[in-house]
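**Q** Would you mind keeping the following structure in view while I ask a few things?
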Amino acid sequence: MRGMYRSGSMKRKKIKTPKRTVLRFRRKKGGLHACAECGAVLHGVGTRKGKGSTPSRIYGGYLCHACVRKRLVESVRS
Ligand SMILES: [Zn+2]
């Protein structure tokens, strides 16, 4: 097995061919991104490296819209 396939981020699958069973490798899908404060799933953020983009507002891809709103209101009030 080649070194790059030994990673935990690769999925192994046994494929039956007419002659023998062979191992094939696929990259595992990443998990969903979650809000750092409340843990809600963030929409519009890709699950894989280099795929998708983050919302172009402050804390985009890090906090959900409700938590961003809370933080902004707190910062204005203090
Ligand atoms: Zn949140």
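The values are calculated or read from the model by the stated rules, or taken from the named source; none is laboratory data. Every value quoted in this text rests on a predicted model; they were computed, and no experiment measured them. Cβ atoms come from the backbone with ideal geometry, glycine included; neighbour counts cover every protein chain shown. Each accessible area value is taken on the protein alone, full model and side chains, heavy atoms only, with ligands, DNA and RNA left out. Shrake-Rupley method; radii C 1.70, N 1.55, O 1.52, S 1.80 Å.
**Q** Can you find a residue that is out of contact with any Leu (no Cβ under 7 Å at 6 or more places or on another chain), hydroxyl-bearing (Ser, Thr, Tyr) and part of a strand (DSSP E or B) anywhere in region 12-22?
**A** yes
**Q** Just name the residue that is most open to solvent (accessible area, probe 1.4 Å) out of those in region 55-64 that are over 14 Å from the mean Cα position of the chain (by Cα) and within 12 Å of the ligand (Cβ to nearest atom).
**A** Checked region 55-64; the qualifying residue most open to solvent (accessible area, probe 1.4 Å) is 59.
**Q** Starting from region 57-69, keep only residues that are part of a helix (DSSP H, G or I), then list their pairs with residues that are near the ligand (Cβ under 9 Å from one of its atoms) whose Cβ atoms are within a distance under 7 Å, requiring at least 6 positions of separation or different chains.
**A** Here the result reads 67/35; 67/37; 67/38, each pair linking region 57-69 to a residue that is near the ligand (Cβ under 9 Å from one of its atoms).
Rundown of residues vs (1) within 19 Å of the chain's Cα centre (by Cα); (2) more than 14 Å from the ligand (Cβ to nearest atom), yes/no style:
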{"position": "3", "(1), (2)": "no, yes"}
{"position": "17", "(1), (2)": "no, yes"}
{"position": "22", "(1), (2)": "no, yes"}
{"position": "39", "(1), (2)": "yes, no"}
{"position": "47", "(1), (2)": "yes, yes"}
{"position": "53", "(1), (2)": "yes, yes"}
{"position": "66", "(1), (2)": "no, no"}
{"position": "76", "(1), (2)": "no, yes"}
